[in-house]
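Working notes for the structure below.
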Amino acid sequence: MTAMKPEYEGKTIITDVKNELEQIEIELLLDGVHRLYGYDFRNYALPSLKRRIWHHVHAENVPTISALQEKVLHDRSCFERFIYSLSIPVTEMFRDPGLFLTFRQKVIPLLRTYPYIRIWHAGCSTGEEVYSMAILLHEEGLYDKARIYATDMNERSLQQAKEGVYDISKMKQYTKNYLEAGGTRAFSEYYTAKYNSVILQPYLRKNIIFAEHNLATDTSFNEFNVILCRNVMIYFNDELRDHVHGLFNESLSRFGILVLGSKESIHFTGYSDSYEPLDRVEKIYRKIK
């Protein structure tokens, strides 16, 4: 076995020290944000969290994570930008059309048997998927007896969701998604174009309640027939993921429906025995106990 040369040994030690320092800085930043603002990112998956933190270090034009911490803790506007950058508001209307088509075919018949329908979109981002559900329920004649609770920890994203105003350039893709999801009308019926934006029809908002909710720290607030949380938990570590599944299990009614993202699963959690698959491909599960 070849002995490590002194220069490589020195580089390894320096790298180890840098990695340890980085870890300490990240832990102090996240602990400070949790203690001062109540937002808990300490159980987010480290690789993606680290990338986003460094991206924000560069965006704020500061030299280190420690410098970012100082700015985040003393500058409210910097904190708000930091939260926005960590919450990854990536979504679109009828995203993954096959999911919405399967929802029409397999879940809607079950919902027709309910006198009242409560749906929770957890991590709703800027609201596109929430309005997609409103449109789907409207077309199926169920919207008047439904209430949709749309929550996110990001105040800026929620504000855009409440307004229902989106970039007109996205409508071509959204129309394509809508048709592939089994849409039965002209998608343009659901919005009014104005300059470079579209405004969704006001009646789509009438049964939606937008509210701040942090999956890492907040508790259950109602009982639901359907919970959708798509591509949110891929950013959580195992501990936080299990915590959130516990929250959902507590919040779902018996035979309630849980809808996850394409890269997520109920398997390998502490609650896998509580569900049966309604559709394995689209990650739709029904609570059985």
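The values are calculated or read from the model by the stated rules, or taken from the named source; none is laboratory data. Worth saying up front: this structure is predicted, and the values here are computed from it rather than measured. Quick reminder, even Gly has a Cβ in these numbers, built from the backbone with ideal geometry, and neighbours come from all protein chains shown. Keep in mind that these areas ignore ligands, DNA and RNA; they rest on the heavy atoms of the full protein, side chains included. Shrake-Rupley method; radii C 1.70, N 1.55, O 1.52, S 1.80 Å.
Excluding residues on the same chain fewer than 8 positions from LYS194, give the lysines whose Cα lies under 28 Å from its Cα.
In chain and number order, the partners are LYS162, LYS170, LYS172, LYS176, LYS206.
How much solvent-accessible surface does SER274 expose, in Å² to the nearest 10, with a 1.4 Å probe and all protein chains in place?
Roll a 1.4 Å probe over it and SER274 shows about 20 Å².
At a probe size of 1.4 Å, how large is the accessible area of SER77, to the nearest 10 Å²?
50
Near the amide H of PHE236, under 5 Å away, which other amide H atoms are found, from residues 5 or more places off or on another chain, if H is placed in the peptide plane?
Here ALA45 satisfy the definition.
Normalised by the residues of segment 10-86, what does the relative contact order come to in percent, with Cα pairs under 8 Å and at least six apart? Before the final figure, lay out the partial values.
Numbers: 45 pairs, mean separation 21.6, N = 77.
Computed over segment 10-86, the figure is 28 percent.
Using protein chains only and a probe of 1.4 angstrom, how many square angstrom of THR269 are accessible, to the nearest 10?
Only protein atoms counted, so the area is about 20 Å².
As an exercise, identify the trypsin sites (Lys or Arg not before Pro) in segment 111-172 lying in DSSP coil whose Cβ has no more than 15 other Cβ atoms within 10 Å. Mind dumping the intermediate values first?
Numbers: sites: ARG112, ARG118, LYS145, ARG147, ARG156, LYS162, LYS170, LYS172; in loops: ARG112.
In loop regions of segment 111-172 (DSSP not H, G, I, E or B), the sparsely surrounded trypsin sites (Lys or Arg not before Pro) are ARG112.
Using DSSP, restrict attention to beta bridges with both residues in segment 97-287 and report what percent are antiparallel, rounded to the nearest 5. Intermediate values should be presented prior to the final figure.
Numbers: 14 of 33 bridges.
Counting DSSP beta bridges with both partners in segment 97-287, the antiparallel share is about 40 percent.
Exactly which chymotrypsin sites (Phe, Trp or Tyr not before Pro) in segment 203-289 are in a DSSP loop and have at most 10 other Cβ atoms within 10 Å? Could the numbers behind the result be given before it?
Values: sites: TYR203, PHE210, PHE221, PHE224, TYR235, PHE236, PHE248, PHE255, PHE268, TYR271, TYR275, TYR285; in loops: PHE221, PHE268, TYR271.
Here the sparse-neighbourhood loop sites are PHE268.
Kindly sort TRP54, TRP120 by accessible area of their heavy atoms, largest first, with the probe set to 1.4 Å. Don't skip to the answer; put the middle values down first.
On the way: TRP54 75, TRP120 0 Å².
The ordering from most to least exposed comes out as TRP54, TRP120.
Once label points are set 7 Å from the Cα along Cα→Cβ at both TRP54 and ARG76, what is their separation, rounded to one decimal in nm?
Going by the 7 Å Cα→Cβ label model, 3.3 nm.
So which aspartates and glutamates can LYS289 reach, going by Cα to Cα under 13 Å and dropping same-chain residues fewer than 8 places off?
GLU250, ASP273, GLU276
Obtain the nm distance between the two label points defined at THR184 and ARG147 by a simple spin-label model: each point lies 7 Å from its Cα along the Cα-to-C-beta direction.
Result: 2.6 nm between the two label points.
So what is the relative contact order for segment 97-287, in percent, with contacts set as C-alpha pairs under 8 Å and at least six apart? Intermediate values should be presented prior to the final figure.
On the way: 299 pairs, mean separation 42.8, N = 191.
Normalised by residue count, the contact order of segment 97-287 is 22 percent.
List the lysines whose alpha-carbon lies under 16 Å from that of LYS50, not counting same-chain residues fewer than 8 positions away?
Within reach: LYS18.
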